[in-house]
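The values are calculated or read from the model by the stated rules, or taken from the named source; none is laboratory data. No experiment lies behind these values; they were computed from the predicted model shown. Note: ideal-geometry Cβ built from the backbone for every residue, glycine included; neighbour counts use all protein chains shown. In case anyone asks, the SASA skips ligands and DNA or RNA and just uses the protein heavy atoms, side chains included. Shrake-Rupley method; radii C 1.70, N 1.55, O 1.52, S 1.80 Å.
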Amino acid sequence: MEIDNLVRSNVKRLQPYSCEREDYKRQGFSLLDANENPYGGIYRRYPDPLQQELKQCLREVKGFAPERLTIGNGSDELIDLLLRTFCSPREDNIITISPTYPMYGIYAQVNEVEIRESLLDKDLMPVLEDILGRADKHTKLIFLCTPNNPTGNTIPLDTICRLASRFQGLVVVDEAYIDFTDSPSATSIQDRYPNIVVLQTLSKAWGAAGLRVGVCIADPAVTGWLNKVKAPYNLNSFAQECAKALLQEQDKVQAQVKEILRERERLLEGLRQIPDLRIMGKPEANFILVQHGRYRELYQYLLDNRVAVRLRDMPPLLPGCLRITVGKREENDKVIRLCQTFQ
Ligand SMILES: *Cc1c(COP(=O)(O)O)cnc(C)c1O
């Protein structure tokens, strides 16, 4: 499979915006090339469009080679960027596996790209033959989410391999919650399957949703195109610096993740005791999907008691569900207590 053949023709013709001042910056040149105010504060300069220092940190901490990385303003921007780079409006299509994260479909709609939906089976696993049966020569991207939001299930690497080997486009594996599981990342099989694109983020386990930093790990051919299409200054200087500092605190973050996982088990145990409430899926991330016959009333009851959870009514597979994020100990206690008193 030739990656370049997947790229939109207008993107191929694109003469990208170029600015080659990062070296001049480092060498202390007089920077009279970007119309900045020289009297401004520490953020008077435009940020590095290729985020090179941040990518070096990602190499040290995660082992990702910088030439395989595209950094986004959150992984949401990267989802949009993949669509804008590879999918021609009103011509190409993508496949999503429902129920899943809604942003794949939303960005596809915004970009006027057709969405083909394959359903999870009753064990909440993707059905390979069904997915491949929906693909045609205009299918550029298949979005997988593992652990899946909102079911919590992970997809076995073996399934991802089989899909990638039989599909002539890119398999996008959204690993927003990968740090909560022991399941291996799809980055470990990218050398065998260059059409696998992995998305990770600092928003969930890394505790920095407000920074807006997402990472796309992909074949250098894919990465080259993404970096051409993205806005040059998509990640501001402050976010780049904070992200670098945060990546140095991996031990602290790992301890927080461990605590969240302990709390998840406690919350699960408490919720299992509630009559009429069913745990759905297999919670492998930092949330639990539950089903309740009177889910709207339960949702409102929680709100009345100043607890916000997410309404997730997803028929036919998962009707009447609520997605509950694992919070701090006292918050989880409160959820359990409220579920007990709800009637
Ligand atoms: C939260 C979430 C994201 C969004 O990540 P950002 O980096 O904050 O944009 C992406 N994918 C899934 C599945 C998510 O749940």
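Under a Gaussian network description of the chain, with springs only between Cα atoms under 10 Å, the residue in 74, 281, 224 that fluctuates furthest is 224. Once the Kirkwood radius over Cα pairs is known for region 91-140, the Stokes-Einstein relation at 4 °C and 1.567 mPa s delivers a diffusion coefficient of 115 µm²/s. Just to be sure I understand: if I project the alpha-carbon convex hull of region 67-177 onto a plane and average over all orientations, what area do I get in nm²? Quarter of the Cα hull surface area: 6.8 nm². Structural size metrics of region 251-341, computed from C-alpha coordinates, are Rg and Dmax of 13.0, 42 Å. Simple spin-label estimate for residue 237 and residue 114 gives 4.7 nm between the two label positions (7 Å along the Cα-to-Cβ direction from each Cα). Note on the chain: with neighbouring protein chains present and a 1.4 Å probe, carbon and sulfur make up 48 percent of its accessible heavy-atom surface. Peptide packing for 192-201, 121-130, 159-168, 48-57 was compared via the average number of neighbouring C-beta atoms within 10 Å per residue; ordered from the highest value, the list is 192-201, 48-57, 159-168, 121-130. The residues of region 3-248 present an accessible area of 45 Å² per residue when probed at 1.4 Å with all protein chains retained. Taking all Cα pairs closer than 8 Å and separated by 6 or more residues, the relative contact order of region 251-341 comes to 29 percent.
Ratio to report: Rg/Rh of region 229-297, with Cα atoms as the point set and Rh obtained by the Kirkwood method; give two decimals.
Working: Rg = 18.9 Å, Rh = 15.5 Å.
With Rg and the Kirkwood Rh in hand, the quotient comes to 1.22.
Per-residue extension of 0.36 nm, minus the Cα-Cα distance of residue 330 and residue 45, leaves a gain of 98.2 nm for this segment.
What value, in deg cm²/dmol to 500, does the helix sum -39500 (n - 2.57) over DSSP H runs of n ≥ 4 give at 222 nm once divided by the residues of the chain? Present the calculation step by step, with values, prior to reporting the outcome.
Working: 12 runs with 125 residues, N = 343.
Taking each H run of at least 4 residues, the total per residue is -11000 deg cm²/dmol.
Would you list which lysines come within 29 Å of residue 62, measuring only between C-alpha atoms, while excluding same-chain residues fewer than 8 positions from it? The reachable lysines, counting only those whose Cα sits under 29 Å from residue 62, are 25, 140, 204, 228, 230, 244, 252, 258, 282, 328. The per residue volume of the convex hull around the alpha-carbon atoms of region 57-126 is 114 Å³.
When you count, for each residue, the other Cβ atoms within 10 Å and take the mean per peptide, how do 319-327, 149-157, 25-33 rank with the highest first?
On the way: 319-327: 19.8, 149-157: 21.6, 25-33: 9.8.
Result, highest mean Cβ count within 10 Å first: 149-157, 319-327, 25-33.
Helix 295-304 and the longest principal axis of the Cα set of the chain meet at an angle near 80°.
What's the long-distance tail for region 1-125, i.e. % of Cα pairs beyond 23 Å?
On the way: 4247 of 7750 pairs.
Percentage above 23 Å: 55.
Using the Cβ atoms and a cut-off under 14 Å, what net charge is assigned to the surroundings of residue 245, where Lys and Arg are +1 and Asp and Glu are -1? Intermediate values should be presented prior to the final figure.
Numbers: positive: 244, 252; negative: 53, 60, 241, 249, 251.
For residues surrounding residue 245, the net value is -3.
Quick one: compute a quarter of the convex hull surface over the Cα atoms of the chain and quote it in nm².
19.3 nm²
Each semi-axis of the equivalent ellipsoid for region 175-226 is √(5λ) with λ an eigenvalue of the Cα gyration tensor; in descending order they amount to 21, 16, 5 Å. Principal axis extents of the Cα atoms in region 174-331, from largest to smallest and rounded to whole angstrom, are 53, 34, 29.
At a Förster distance of 45 Å, what's the computed FRET efficiency of residue 14 paired with residue 303, Cβ-Cβ distance as r, to 0.05? It would help to have the intermediate numbers written out before the result.
On the way: r = 47 Å, r/R0 = 1.05.
After rounding, the FRET efficiency stands at 0.40.
Relative contact order of the chain: 18 percent, from C-alpha pairs under 8 Å at least 6 residues apart in sequence.
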